[in-house]
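A.B. asks: This structure is in structure tokens; I'll ask about it shortly.
The values are calculated or read from the model by the stated rules, or taken from the named source; none is laboratory data. All values derive from a computational prediction rather than experimental measurement. Cβ sites come from the backbone with ideal geometry, for glycine too, and all protein chains shown count toward neighbours.
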């Protein structure tokens, strides 16, 4: 008798699970996206410097490269750069070989040694001062991009605005068919990548290329644009 009772309870439990799954499948829902773009003026410049040297004697190439690094780091006091605003990358050492017209490797050519330095400038008005000091200190490849000290705050604000935009869109759509918007079922943030800026992010930060006037040694930084897309699914009542 006890065995029959257990079997009966098991069947009821399974039936209950089946009914619940059926209800979940028949749930009416709407999926929408909201995209918001926030523009802000940059207040920082990030300089990216690459120092490269070659020689058949690896020690000589390394010594010259070390001297260049020291020249750049020595600019900290002159440019009033804090320790937290300058960073050196690891040393990269690579053998290079001669190549024929087919790209096949020939004789050993030299060692190539490279190292990077990143400097954060917190005063945009000193752009020309930084550029002149950097290119005068050593032979280098130098580039720069703009950043904002409020970038994390701007992303958070833009993310919430994108979610509100998605909800407003969903409400407008269900009203057209005479329904109401219910609870939120899913929320996803769309990662678009980032341009003109280094750290990986799940937001797209597009910085317009600055307009540089070499004759007058002045520049006009473009606005930074933080764009966030949020996907959301809501229940339809």
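A.B. asks: Only one of 162, 138 is surrounded by 17 or more Cβ atoms within 10 Å (Cβ to Cβ), at pLDDT 90 or above and touching a helix residue (DSSP H, G or I) at 6+ places or on another chain (Cβ under 6 Å); which?
C.D. replies: 138
A.B. asks: Please specify each residue of region 114-134 satisfying the condition of being surrounded by fewer than 15 Cβ atoms within 10 Å (Cβ to Cβ) and within 19 Å of the chain's Cα centre (by Cα).
C.D. replies: 118
A.B. asks: In region 39-84, what count of residues is obtained for those that are within 30 Å of residue 226 (Cα to Cα) and surrounded by 12 or more Cβ atoms within 10 Å (Cβ to Cβ)?
C.D. replies: 15
A.B. asks: Of the conditions (1) under 30 Å from residue 59 (Cα atoms); (2) modelled with pLDDT under 90, residue 116 clears all except one; give me its number.
C.D. replies: So the condition that residue 116 fails would be (2).
A.B. asks: Here's another thing I want to ask about it. Consider region 30-77. How many of its residues are under 30 Å from residue 172 (Cβ atoms) and more than 19 Å from the chain's Cα centre (by Cα)?
C.D. replies: Residues meeting the conditions: 5.
A.B. asks: A follow-up question, please. With respect to residue 87, is the statement that it is under 30 Å from residue 222 (Cβ atoms) and more than 23 Å from the chain's Cα centre (by Cα) true?
C.D. replies: Taking the combined requirement at face value, the residue does not satisfy it.
A.B. asks: Moving on to the next point. Can you spot a residue in region 171-193 that is more than 21 Å from residue 32 (Cβ to Cβ) and under 17 Å from the mean Cα position of the chain (by Cα)?
C.D. replies: Taking every residue of region 171-193 in turn, at least one turns out to be more than 21 Å from residue 32 (Cβ to Cβ) and under 17 Å from the mean Cα position of the chain (by Cα).
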